[in-house]
Amino acid sequence: MRVSTADFYRQSIVSLQRQQSLALQTQNQLSSGSKLQTAADNPTGAAHGLSLDQTRVANQRYTENTKALGERLGLEENALSGVTETLNRVRERALQGNGGTLGDSDRASIAADLRQSLDSLLDYANAADGEGRYLFAGSNDASAPFSLSGGGTQFSGDDVIRQVQIGPNRAVQSSDGGADVFLRQTSGNGTFSVAATGANTGTATIATAKVFDAAAWDGGSYVLSFAGGNYSVQDGGGNVVASGAYTAGQSIRFKGADLTVTGAPADGDSFSIGPSQQQDLFQTVRDLITLFETPTAANPAARAKVQTGVLDKLGALETAQSKVIDVRARLGARLVAAEDAQNQLSSQLVKIDEALSGIRDIDYAEAASRLTQQLTGLQAAQQSFAKIQGLSLFNYLR
């Protein structure tokens with residue numbers, strides 16, 4: 001087989017160009033730090049890299065969501081912690097003032113302290129997230145959700161709770177509804193509430209009011225009355241459901257309710273017992289303030305009625321505290337979920353970056369060694385071509 005001079009030149013030039021192209025490609029890789037200059041360099045790797053880029057963008061978005069969620073939940077936890085401390089303070093002061101030994105001025109001081117606690121509760125209920133959004137306002141979070149007036153408590157928020165996406169198939173509640181935390185509380189002990197009749201003239205007061213058998217409580221309304229040294233409990237239809245001789249401090253039980261009455265009731269004195277009603281937390285504290293502002297020093301009967309009223313509000317406070325504890329427990333679970341998601345996303349990001357690096361990042365030592373070999377081969381080929389292309393039969397005959 002004969003190789004023409006033209007074919008020899010063409011093949012040699014093609015070979016030199018290919019070697020130059022490979023050396024140039026390696027130089028570009030070294031200068032950019034990337035193995036993939038174009039998708040043609042590694043079509044499969046380029047496609048995989050694009051897929052990983054999309055996953056990385058989603059990971060960063062979920063990471064930002066998780067970080068914002070953790071910050072918001074942390075602020076809510078701080079607010080609810082403040083609510084818990086304030087309710088403890090209110091309960092402590094109410095117990096202190098309900099002992100029956102304080103004068104009207106001391107009780108007025110307690111009322112003033114309770115007003116400060118009420119302001120604190122309102123501040124916590126209107127806590128914001130640092131970006132002008134209120135934590136307990138639901139979706140209507142551009143303005144403070146709670147306000148107080150002579151007519152009661154106003155709530156301008158709603159029950160819509162936003163969910164924050166922290167993973168492709170995972171979302172977490174970003175807050176708790178203000179109405180659920182602060183408004184949907186109950187009066188009394190959460191099952192029933194008690195109140196002294198305004199016409200009472202004796203010194204009897206209800207010292208404890210609790211449920212001893214929840215299954216037996218029927219949710220009805222009852223009246224506990226006294227006459228001739230005896231007590232009688234009647235239902236709404238006037239039927240007697242319990243009766244007996246009255247002894248101060250004894251337990252009076254009926255329909256699953258357990259009442260302890262102290263003091264000396266006058267004939268005709270009575271107490272109403274009815275199912276607990278919805279009462280917001282702010283109103284409970286306001287009722288306590290009203291009770292402690294009521295003068296009782298010169299009126300033992302008034303003091304007895306106030307003590308019964310304070311007892312009922314103490315029950316409502318205890319129920320509210322339990323509910324806030326439940327809310328904080330659920331909040332804590334969401335904080336743990338956000339933290340776990342953050343850790344998982346961070347770990348996933350490291351693996352994505354490692355995979356992308358394996359696809360795109362160059363091994364400088366290997367590439368430098370390869371470039372040296374390529375340049376050496378190119379130089380040798382160039383020198384060989386220069387020598388061979390100068391040879392001819394005339395040179396041989398000469």
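Coordinate-derived values only; no laboratory data. Quick caveat, the model's predicted, so the values are computed rather than measured. Here the Cβ is made from the backbone with ideal geometry for all residues, glycine too, and neighbour counts use every protein chain on show.
Before moving on, here are some points about what is shown:
- Global geometry of region 168-303, whether rounded, prolate or oblate, following the gyration tensor of its Cα atoms and the 1.5 cut on a/c: oblate
- Ascending count of other beta-carbon atoms within 10 Å, so fewest first, for Lys323, Lys351: Lys351, Lys323
- The Cβ shell under 15 Å around Asp159 holds other residues with a net charge of -3, Lys and Arg each +1, Asp and Glu each -1.
- 5 angstrom amide H check on Gln173, placed H, neighbours 5+ away: Val164
- Formal net charge of residues neighbouring Ala144 (Cβ-Cβ distance under 12 Å; K, R +1; D, E -1): -1
- Listed from fewest to most Cβ neighbours within 10 Å, the set Val160, Val172 follows the order Val160, Val172.
- The stretch between Glu131 and Thr247 holds 35.7 nm of extra length on full extension. This uses 0.36 nm per residue minus the Cα-Cα distance.
- Each Lys and Arg contributes +1 and each Asp and Glu -1, all at the Cβ; summed about the Cα centre of region 178-298, the dipole is approximately 120 debye.
- Efficiency of FRET from Cβ geometry, Ala58 and Ala214, R₀ 56 Å, rounded to 0.05: 0.70
- Separation of the Thr101 and Gln344 label points, Cα + 7 Å toward Cβ, nm: 5.8 nm
- Local electrostatic count, Thr296, Cβ distance below 9 Å [Lys/Arg +1, Asp/Glu -1]: +2
- Order of Lys313, Lys255 - criterion: other Cβ atoms within 10 Å of each residue's Cβ, fewest first: Lys255, Lys313
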